[in-house]
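The values are calculated or read from the model by the stated rules, or taken from the named source; none is laboratory data. Nothing here was measured: the structure is a model prediction, and the numbers come from that model. Heads up, the Cβs are rebuilt from the backbone with ideal geometry, glycines too, and the neighbour counts pull from every protein chain shown. Only protein heavy atoms, including side chains, enter the accessible area calculation; ligands, DNA and RNA are left aside. Shrake-Rupley method; radii C 1.70, N 1.55, O 1.52, S 1.80 Å.
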Amino acid sequence: MTILVTGAAGFIGANFVFDWLAQSPGGQEPILNLDKLTYAGNPETLAPLQGDSRHTFVRGDIGDTALVASLLAKHQPRAVINFAAESHVDRSIHGPEDFIQTNIVGTFRLLDAVHRYWRDLQPEEKSAFRILHVSTDEVYGSLSPDQPAFSESHRYEPNSPYSASKAASDHLVRAWHHTYGLPVLTTNCSNNYGPYHFPEKLIPLMIVNALAGKPLPVYGDGRQVRDWLYVKDHCSAIREVLLHGRVGEVYNIGGWNEKPNIEIVNTVCKLLDELRPKADGSSYNAQISYIKDRPGHDRRYAIDASKLERELGWRPSETFETGIRKTVQWYLSNPEWVARVQSGAYRDWVQTQYAAAGVDA
Ligand code: NAD
Ligand code: TYD
């Protein structure tokens, strides 16, 4: 059997591939990775899997119906996991078009192609098939300090072009289940952090800027709250939901880890002070620089992940303290990965490794 995983050259998808293939005995099940390789797609991350027959990479768009249909027909996956998306809120503010195209139109086309494939499967394969859509807590909008955390029944109130486009995709997924019976699962997860995170998001940006002696830009008053989850815990939750989740259900995934941004930045600085002290003995937190707030900045996200615990017995295995230490250590140990992302050199690698090799698609 095979699973089709979209967007798996990105941060969470790539972590998911490594995590999936490391599982025993399930790790023998191959992954077909369909990724458009936008700026956020970095197949260099997956270089250790070159020559591993369990991972096939195809460069392509989830919105390319003919391509997706041909991949489904050829590889006959038993499940699809959709990570592919435009994912950065700040980019969505500056240029929402790509978000509408991939997150809404792309998800629609993927659902449409998967529906056609699923419809014609034999009864046994048809009833075992699943499509899992990976979404975000940002669809629920912003909480005030005393509101309870988001449950699965919290109403949708997206506030950014990114969260609005993800909310739309969730609604499409729901409709394809309700109308056509497609066996969908939806997960809404809080902010992830960990290895291979593109250094435009808060945590990796703070690490690489600190090490480069650059300012650490904190938006507004830095008191916005996010609920942080170590990426490997997100991957394990997705595996659980795929395996045991009830068809048509939504599962919130979170780390029970609410923290204001400034506390995150201070923690990163403190770890760097310990692991890579500055020559002059000063703290990295001297580089913190408060800047203009993000327009429409959501104040607080918090996930109530009790449904996932109650129904599937899942809980995160990392605390924030253990996860952030691993993350900082990973960035300290992988300066080449960071340098090649920042210089854009990873894009050349795409050409040499994939185009020249005549990759599957
Ligand atoms: P990312 O931006 O790092 O990766 C996205 C990947 O999707 C990239 O490899 C990109 O090339 C690919 N992609 C983009 N458009 C595509 C298209 N049209 N066709 C095929 N591939 C395409 O994002 P991420 O942080 O890994 O997030 C993955 C998923 O998880 C997204 O759906 C995101 O909304 C969701 N999510 C992310 C977080 C987080 O904290 N990062 C939290 C909750 C949910
Ligand atoms: P981000 O990593 O972009 O994730 P999201 O906006 O999806 O939650 O940002 C996390 C938080 O950190 C968010 O409140 C915005 C804030 N932030 C900064 O203060 N400075 C920065 O340079 C970035 C990228 C984010």
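Annotations for the structure displayed:
- Output for the range 1-17, where each listed residue is of a type in the set (A, V, I, L, M, F, W, C) and either without any contact (Cβ under 8 Å) to a residue 24 or more places away in the chain or within 16 Å of ligand 2 (Cβ to nearest atom) (or both): Phe11, Ile12
- For Ile93, the requirement of being of a type in the set (Val, Ile, Thr) and crowded, with 24+ Cβ neighbours inside 10 Å is not met.
- Pair list, Cβ < 8 Å and 6+ apart or interchain, from the range 42-56 residues that are modelled with pLDDT under 95 to residues that are of a type in the set (Lys, Arg) and open to solvent by 50 Å² or more (accessible area, probe 1.4 Å): Glu44/Arg340
- Residue check for Lys36: open to solvent by 50 Å² or more (accessible area, probe 1.4 Å) and in contact with a Gly (Cβ under 8 Å, 6 or more places away or on another chain): yes
- Residue pairs meeting the criteria (Cβ under 7 Å; at least 6 apart or on separate chains; first without any contact (Cβ under 8 Å) to a residue 60 or more places away in the chain and of a type outside the set (Ser, Thr, Tyr), in the range 175-194; second within 13 Å of ligand 2 (Cβ to nearest atom) and open to solvent by 10 Å² or more (accessible area, probe 1.4 Å)): none
- Among the numbered conditions (1) more than 16 Å from ligand 2 (Cβ to nearest atom); (2) closer than 17 Å to Ile12 by Cβ, the only one that His88 does not meet is (1).
- His88, sole failed condition from (1) surrounded by 20 or more Cβ atoms within 10 Å (Cβ to Cβ); (2) within 15 Å of the chain's Cα centre (by Cα): (1)
- Any chance Asn103 is open to solvent by 50 Å² or more (accessible area, probe 1.4 Å) and closer than 30 Å to Ser306 by Cβ: no
- The listed residues are Ser144, Ser135, Ser127, Ser153, and the only one of them that is assigned to a helix (DSSP H, G or I), among the hydroxyl-bearing types (Ser, Thr, Tyr) and either surrounded by fewer than 24 Cβ atoms within 10 Å (Cβ to Cβ) or at pLDDT 95 or above (or both) turns out to be Ser127.
- In the range 273-310, the residue that is farthest from Val218 (Cα to Cα) out of those that are of a type in the set (Lys, Arg) and open to solvent by 70 Å² or more (accessible area, probe 1.4 Å) is Arg310.
- Listed by first and then second residue, the pairs with beta-carbon distance under 8 Å, at least 6 apart or on different chains, first residue in the range 236-256 and touching a residue at least 60 places away in the same chain (Cβ under 8 Å), second assigned to a strand (DSSP E or B) and open to solvent by 30 Å² or more (accessible area, probe 1.4 Å), are Leu242/Arg130; Gly245/Arg130; Val247/Arg130.
- Filtering the range 101-113 for residues that are within 15 Å of ligand 2 (Cβ to nearest atom) and in a helix (DSSP H, G or I) leaves a non-empty set.
- Unmet requirement for Ser127, which otherwise passes all of (1) within 21 Å of Leu202 (Cα to Cα); (2) free of Cβ contacts under 8 Å to residues at least 60 places away in the same chain: (1)
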